[in-house]
Structure formats: structure tokens, C-alpha cells
Amino acid sequence: MNKKLLVTGSSGLIGSEVCVHFAQELGWQIRGVDNNQRAVFFGPQGDTRWNQQRLQQSLPGFIHHELDIRDRAGVLDLIKEIRPDAIAQASADG
Ligand SMILES: NC(=O)c1ccc[n+]([C@@H]2O[C@H](COP(=O)([O-])OP(=O)(O)OC[C@H]3O[C@@H](n4cnc5c(N)ncnc54)[C@H](O)[C@@H]3O)[C@@H](O)[C@H]2O)c1
């Protein structure tokens, strides 16, 4: 069975490339967490939805979770549900 990776900040510059690398080069299943907080910080020009959509369209099995990583209970519930083999933290709020 493929290993599972949970990536926070998955729609950002670093997080999205982590998603692509682990999916395409290593064959892992990817779960992404991002709430487009970048658009809150930087306005419409900081919006990362396009990158979320790119991952959803190009990585088979990629699942996006709309979650604020500061929501501790929500993050813990998600980890319990997914039981990832590894977590890559690439959002700015870690
Ligand atoms: N880009 C670089 O060259 C570089 C180099 C060294 C370290 N870093 C660090 O790596 C991290 C990611 O950098 P980046 O350039 O990919 O940033 P980015 O702004 O492109 O991506 C961050 C992503 O995290 C998401 N995010 C932010 N707060 C969130 C929250 N509370 N809940 C859920 N999602 C949230 C944003 O919406 C965005 O999609 C940062 O901590 C940065 O300081 C980046």
C-alpha cells in the first residue's frame, strides 16, 4: 500500500512542490491542508487557489482539506482520520 503524506500549506510555493515530488517521484498518497490564508495576508494577488486546483487536477488521489492549522482539535482529528506516515509542515503558521 502507498504511504500517506500530510502536507500543511499545500497550496503554497514549497508545500505544493512537496506534494508533487512525493506523489510523482515516490508514489505517495497526498493529503493537503490549506485555507488560502495567503490571500488574507496579501489580498487577491496572494491567492493560492490556482495551485490547489493544479494539484487536484494533476495528482491522482490528491485530497484537499480546507482547514486552519491553528485549529488544534481539527488538525488532531484529521491526523487520527488519515494516520499519515509523515507530515510536511510548509505553511507559515507552524
Ligand atoms: N519560499 C522560500 O524560499 C522559503 C525558504 C525557507 C523557508 N521558507 C518557509 O517555508 C514556509 C512556506 O513558504 P512558502 O514560500 O511556500 O509560502 P507560501 O506563502 O507560498 O505558502 C504558504 C501556504 O500556507 C497557507 N497557510 C498559511 N497560514 C495557514 C493556516 N493558518 N492554515 C492553513 N494554511 C495556511 C497559505 O495559504 C499558503 O498557501 C514558510 O514558513 C516560509 O517562511 C520558505
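Among I14, P60, Q45, flag the residue with its Cα farthest along the positive direction of the charge dipole of the chain, charges on Cβ as +1 for Lys/Arg and -1 for Asp/Glu.
It is P60.
From the alpha carbon gyration tensor of the chain, can you work out the equivalent ellipsoid semi-axes (sqrt of 5 times each eigenvalue) and give them in Å, largest to smallest?
Its equivalent ellipsoid spans semi-axes of 20, 16, 10 Å.
Who wins for biggest fluctuation among I63, I82, I30 in a Gaussian network model of the chain, springs between alpha carbons below 10 Å?
I82
Just flag the GluC sites (Glu not before Pro) in region 24-94 sitting in loop per DSSP whose Cβ has no more than 12 other Cβ atoms within 10 Å.
Sites meeting the loop and neighbour criteria: E66.
Rounded to the nearest 20 debye, what is the charge dipole size of the chain about its Cα centre when +1 sits on each Lys and Arg Cβ and -1 on each Asp and Glu Cβ?
Approximately 140 debye in magnitude.
Any idea what log10 I(q)/I(0) is at q = 0.15, 0.26, 0.28, 0.32 Å⁻¹ for region 1-47, Debye with uniform C-alpha scatterers and no solvent?
Taking Cα atoms of region 1-47 as identical point scatterers yields -0.41, -0.85, -0.93, -1.09.
Once phi is turned into ³J(HN,Hα) by the Karplus curve 6.51 cos²θ - 1.76 cosθ + 1.60 with θ = phi - 60°, what whole-Hz value does each residue of region 61-66 show in order, with x for glycine and proline?
x, 5, 10, 9, 10, 7
Show that you can apply the helix-only estimate: for the chain, add -39,500 (n - 2.57) for every DSSP H stretch of four or more residues, divide by all residues, and state [θ] at 222 nm to the nearest 500.
-10500 deg cm²/dmol
If neighbour count is taken as other Cβ atoms inside 10 Å, put V18, V40 in order from fewest to most.
V40, V18
Over region 1-43, calculate the relative contact order: mean separation of alpha carbon pairs under 8 Å at least 6 apart, over the residue count, as a percent.
45 percent
Percent relative contact order of the chain, based on C-alpha pairs within less than 8 angstrom and at least six residues apart?
40 percent
Based only on other Cβ atoms within 10 Å, what is the fewest-to-most ordering of K3, K80?
K80, K3
Taking amide H positions as placed 1.01 Å from N in the peptide plane, with prolines and chain starts having none, which residues 5 or more places from V33, or on another chain, fall under 5 Å of its amide H?
For V33, the qualifying residues are V7, T8, G9, S10, H65.
Coordinate-derived values only; no laboratory data. Nothing here was measured: the structure is a model prediction, and the numbers come from that model. All Cβ positions, even for glycine, are placed from backbone atoms using ideal geometry, and neighbour counts span all protein chains on display.
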